[in-house]
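Enquirer: One structure is given below, represented as structure tokens, and several questions about it will come after.
The values are calculated or read from the model by the stated rules, or taken from the named source; none is laboratory data. Bear in mind that the values here come from a model prediction, so they are computed numbers and not experimental data. Every residue, glycine among them, receives a Cβ derived from its backbone with ideal geometry; neighbour counts consider all protein chains shown. Side chains are part of the model used for accessible areas, which takes the heavy atoms of the whole protein and leaves out ligands, DNA and RNA. Shrake-Rupley method; radii C 1.70, N 1.55, O 1.52, S 1.80 Å.
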Amino acid sequence: MSSKFSKIGFILAVAGSAVGLGNAWKFPTLVGQNGGSAFVLLYLILTLGVGFVIFLAELALGKLSEKDPVNAYRTLAPKHKKAWSFAGFTMIANILIASFYSVIIGWILKYVFLSITFELPFDINSAKDQFNELLHKDFLSQLICFTLVFFVIFYIVSKGVKNGIEKLNIWMMPTLFILLIMMLVYTMSKDGFYMAAKFLFVPDFSKISVSAVLEALGMAFFSLSLGVGTIITYSASLPDKTNFITSTLNIIFINILVGILMGLIVFTFIFEFSADPAASGPGLIFISLSTLFSKLGIIGSIFAVAFFISLIFAGITSAISMIEPFAFYLINTYEMSRKKALIIIGFIVYILGIFCILSYLSFTHGYFSFFGMSFFDILDSLSSKIIMPLGGILVAIFVGFIMKKEGLKILFKPYMRGIYFELWYVFLRFISPLAVIIIMISIFIR
Ligand code: PHE
């Protein structure tokens, strides 16, 4: 990834990385499990107060070094180069995420097939049974869909990120957005819509716990692809004269919007059928959306196919951005061919992905569960609740205290100066890392 993106190509690639199953799948699931509105509010505060701040720091790291995460730290650290380069290895979390993430894209692919064959059920209980059947019993479908998704992702990365995704993004983002708006308009006519809006927007702080705050923090990092070197890697090819402040704000806005729209649509159908928003686990969006689409007959099936396919693309553009940092590192450091680097990474992602699938299947009898959690959940929690925030703290300390302020001032000057720059700098040095540290510590002493 050494040549530069085109201006629009960069913004699309970063937006493509950010907008994905984090917004469409993880966000509604966590909102359901953590009591709704207060969680949404926390997520918004942490996205702006921590996510935005660290996003700009990662951007500076990438742009000023033009390297992969490990070599970015190594290049920019004035001393202790080796020690700092370890901070770049938080990108390993990307590999963990890529594995369970591809499994979820595989589930969506399965739902494309179910939509084509008119097999989406009408009521929520049958929808639940259908998803649980897939998750707990149907190894073969999951394996086939995961494998297909896996090969598509690695094929695109093998062609190089810049060629592969620019054309894809330019179509898929707007398509996803238009479909979401159309679905929202339909949902508004339902009784459940009012309850969904209340659930998402009228704050109820009685439902907030320390673990919900950590979940919201992890969500903020996950949905902006932070703390794992993705933004560093993409910014290494940031074209000159891109207003990266407005670009970043736009990306954050779109990212939040997709999550909120998905939340409104999904919860409308959950409340419409008086289902429990917390009970559906990873199947929430599949269960809710199936009932929405099946109610609309043939049109619903066409819609379902279009919507699930655009979700698959949104997921794939994110998955690509998980693979690229490590590949870029291997190519840079060991002068490996792209193909060889991808074979190594692909091998790990595939094996971990299979373990994720096995960990939910009933016939494995909890063999792939540890500490009462499935392997799938362990990868998810480990990456978003531990490694990503940790990666974020390291970025904040490095850019805030180790790098020279003057260099940053020059980089940001055309787009953010004076009080705005100083405000960002104070947030970067003190407020954001402290907030992350306090949230992470309080989970252990509660
Ligand atoms: N931000 C992506 C999403 O919301 C997930 C992601 C995480 C992408 C880490 C890259 C790196 O779906």
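Enquirer: Positive end of the dipole of the stretch 366-415, charges at C-beta (+1 Lys, Arg; -1 Asp, Glu), about the Cα centre: which of 393, 373, 412 has its Cα farthest in that direction?
Expert: Among 393, 373, 412, the one farthest towards the positive end of the dipole of the stretch 366-415 is 412.
Enquirer: State the Kirkwood hydrodynamic radius of the stretch 207-253 in Å, one decimal place, computed from all pairs of distinct Cα atoms.
Expert: Result for the stretch 207-253, one decimal place: 12.6 Å.
Enquirer: For every helix of n ≥ 4 consecutive DSSP H residues, a contribution of -39,500 (n - 2.57) applies; sum these over the chain, divide by its total residues, and give [θ] at 222 nm rounded to the nearest 500 deg cm²/dmol. The partial results should precede the final answer.
Expert: Details: 22 runs with 321 residues, N = 446.
Taking each H run of at least 4 residues, the total per residue is -23500 deg cm²/dmol.
Enquirer: If you don't mind, another one. For Cα pairs less than 8 Å apart in space and 6+ apart in sequence, what is the mean separation divided by the residue count of the chain, i.e. the relative contact order in percent?
Expert: Rounded, it is 36 percent for the chain.
Enquirer: Further question on the same structure: With every protein chain present, what is the per residue accessible area of the stretch 181-260 (1.4 Å probe, Å²)?
Expert: Ligands and nucleic acids excluded, the figure is 39 Å² per residue.
Enquirer: Suppose accessible area is computed on protein heavy atoms with a 1.4 Å probe; arrange 80, 136 from highest to lowest.
Expert: 80, 136
Enquirer: Which residue fluctuates most in the GNM of the chain (Cα springs below 10 Å): 101, 111, 186?
Expert: With Cα springs under 10 Å in the chain, the top fluctuation among 101, 111, 186 is at 186.
Enquirer: Moving to a separate point now. Separation of the stretch 276-312 and the stretch 5-30 by C-alpha centroid, Å?
Expert: The stretch 276-312 and the stretch 5-30 have Cα centres spaced 20 Å from each other.
Enquirer: How big is the dipole moment of the stretch 333-446 about its Cα centre under a simple scheme where the beta carbon of each Lys and Arg is +1, that of each Asp and Glu is -1, and everything else is neutral? Debye, nearest 20, please.
Expert: Its charge dipole is roughly 460 debye.
Enquirer: Suppose accessible area is computed on protein heavy atoms with a 1.4 Å probe; arrange 213, 161 from highest to lowest.
Expert: I get 213, 161, largest accessible area first.
Enquirer: Along the charge dipole of the chain, which of 243, 176, 157 sits closest to the positive end, that is, farthest toward it, with unit charges on the beta carbon of Lys, Arg, Asp and Glu (+1, +1, -1, -1)?
Expert: Positive-most Cα among the choices belongs to 243.
Enquirer: Which helices of the chain meet both criteria: a Cα extent of 18 Å or more along the helical axis and a mean Kyte-Doolittle score no lower than -1.0, with helices taken as whole DSSP H segments?
Expert: For the chain, where a helix must reach 18 Å along its axis and average at least -1.0, the hits are 52-65, 92-116, 139-158, 161-188, 210-223, 244-272, 297-334, 338-360, 432-444.
Enquirer: Please identify, among 16, 418, 297, the residue showing maximal mean-square fluctuation in a Gaussian network model of the chain using a 10 angstrom Cα cutoff.
Expert: Evaluated over the chain, the most mobile residue of the options is 418.
Enquirer: For the pair residue 123 and residue 422, how long in nm is the line joining their label points, each one 7 Å along Cα→Cβ?
Expert: 6.5 nm
Enquirer: While we're looking at this one, here's another question. Note down, for the stretch 318-376, the three equivalent ellipsoid semi-axes (square root of 5 times each alpha carbon gyration tensor eigenvalue), biggest first, whole angstrom.
Expert: 31, 10, 9
Enquirer: So with the 1.4 Å probe, I'd like the accessible area per residue for the stretch 12-129, rounded to whole Å².
Expert: 29 Å²
Enquirer: Only Lys, Arg, Asp and Glu count, each charged at its Cβ (+1, +1, -1, -1), so figure out the dipole size of the chain about its Cα centre, rounded to 20 debye.
Expert: Its charge dipole is roughly 1620 debye.
Enquirer: Shifting gears a bit: Can you give me the three principal axis dimensions of the stretch 7-445 from its C-alpha atoms, in Å, biggest first?
Expert: 61, 48, 44
Enquirer: Leaving ligands, DNA and RNA out of it, report the carbon-plus-sulfur percent of the accessible area of the chain at a 1.4 Å probe.
Expert: Working: 12470 of 17670 Å².
So the carbon and sulfur contribution to the accessible surface is 71 percent.
Enquirer: Same structure, new question: Order 385-392, 368-375, 6-13 from most to least packed using the mean count of other Cβ atoms within 10 Å.
Expert: Going from most to least packed, we get 385-392, 6-13, 368-375.
Enquirer: Under a point-charge model restricted to the Cβ atoms of Lys and Arg (+1) and Asp and Glu (-1), what is the dipole moment magnitude of the stretch 113-217 relative to its Cα centre, in debye to the nearest 20? Don't skip to the answer; put the middle values down first.
Expert: On the way: 8 positive and 9 negative charges, 84 e Å.
Magnitude of the dipole: close to 400 debye.
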